[in-house]
Amino acid sequence: MAADAGTAPRSRRALIVSSFVLPRPGGVEQFVDVAARLLRGQGWRVRVLACRPDRGEAQADTTVPTRFLGTAGWPLPVGGWRQLWRDVGETDVVIANGTRHLLPNVAAFAARLRGKRVLFVLHGSGAPFSTSSFFYHRVLGRLFERLFTRPALRVAQPVSLSQAGVRGARARYGVKAAYVPFPLRELPPAMQTTLDTNEPLRIVWVGRLYGEKNPLAAVEVVEHVRRRRPAALEVYGSGPLLLALEELARDRPWLAVRGARTWEEIQQVQGWAHVCLSTSLRDATQIAVLEPLARGVPVVATRVGDAAGYYARGLRSFCVEAENPEAAAEAIVALSGSYDRYRARFAANAQELLRRHRDGARRLAEVLESPTSTARDGASGDRGREELPVT
């Protein structure tokens, strides 16, 4: 029935449920923030529900009491279920984040019981946890997926923020996921950096200090680079490998371990770098690669997740095979040998990346508006993969 004359239509409502949110760093946390901002800009009323951190504040409207288990800090909600039930009942769409976390999975089931639509956002690639704890990831993790994740995905509409995740959803969970390009927030312009012949290369590595991100390999890469030219490495992030990196830094004056920083601080250090480095073994969107590339900052990355698709053909030599520090070092040395020329190519590449990923906000809104949206699904996502132009 049409609204009465002079009566404004009710705002659409979305509830984003994520165990982790800012200021905790990471791609999942970044997505929650940027999705909430973009949807509010399109007229949605958005609430964010998250786990309550053991210290500090969470950028969420509601938090639930939580215990964090193990060295990885797996979040186990221990209360707040009535609040979750109420929040689900007062929304139109639930956006769940985190396939291996209890809170978003329970939110998906609650939404189903209350007759609400559910979007389950997939952030991973579906690749195996090759370097992680056997018991945690490959025993308990598999059991959790069987009991919670697979049933939750079947009552939801899966959405992947990476092409790798589309393929992984089909292979790992047996579901068809719509593809939505990671919706980038407004990025600051990169500095107009130059490189003199004998100037030390400023190399920046950003990410969680976990085995799958492989930060120790970054040290090995830069050791190879330093045999050819001066270079220094700054590592930003936190996690179980922090102590090992600090130990390496004791007898390597060119290595600085900076710890975790805010998103704004990371943008500043990446914009100041001559080159950003990613040594990940398992990834999907690779936000620490995508964001600097979208600013025109040169990045040498491993060929995992969606990384290869971020480089135009003339730049693909800078996306190298994983677990090959010599190849990454060779790419960095080649970059430094023709720095101004390659910097211009990365700047051109950035414009195409911005065009593609700024469309993510519209695609996300389309999926929210209708289950039969035009966002590309798992079948068309692979065939429709965009090629960046030759530069």
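Peptides 297-304, 230-237, 204-211 ranked from most to least packed by the mean count of surrounding Cβ atoms within 10 Å: 297-304, 204-211, 230-237. Extension gain, Val155-Val333: 0.36 nm per intervening residue step, less the Cα-Cα distance, totals 59.1 nm.
Each semi-axis of the equivalent ellipsoid for the chain is √(5λ) with λ an eigenvalue of the Cα gyration tensor; in descending order they amount to 37, 24, 19 Å.
Which whole-number value in Å² is the accessible area per residue of the chain, probe 1.4 Å?
Per-residue accessible area for the chain comes out at 45 Å².
Given a 1.4 Å probe and the protein chains as shown, Arg52 ends up with an accessible area of around 100 Å².
I'd like the carbon and sulfur percentage of the solvent accessible area for the chain, probe radius 1.4 Å, heavy atoms only, ligands and nucleic acids excluded. Numbers along the way, then the final one.
Numbers: 9110 of 17540 Å².
Of the solvent-accessible surface of the chain, carbon and sulfur hold 52 percent.
Gain on full extension, evaluated as 0.36 nm per residue between Leu140 and Glu366 minus their Cα-Cα distance, stands at 77.8 nm.
Looking at region 3-90, the GluC sites (Glu not before Pro) that sit in a DSSP loop and have at most 11 other Cβ atoms within 10 Å of their own Cβ are Glu57. Note on the chain: with charges restricted to the Cβ of Lys and Arg (+1) and Asp and Glu (-1), its dipole about the Cα centre is near 1200 debye. Around Lys116, under 14 Å between beta carbons, what's the net of Lys plus Arg minus Asp minus Glu among the other residues? Summing Lys and Arg as +1 and Asp and Glu as -1 gives +4. Solvent-accessible surface (1.4 Å probe) assigned to Glu264 amounts to roughly 110 Å².
The values are calculated or read from the model by the stated rules, or taken from the named source; none is laboratory data. Not measured: the values here are computed from a predicted model. Reconstructed Cβ throughout: ideal geometry from the backbone, glycine too, with neighbour counts over all protein chains shown. Ligands, DNA and RNA are stripped out before the accessible areas are found, and what is left, the full protein with its side chains, is counted by its heavy atoms. Shrake-Rupley method; radii C 1.70, N 1.55, O 1.52, S 1.80 Å.
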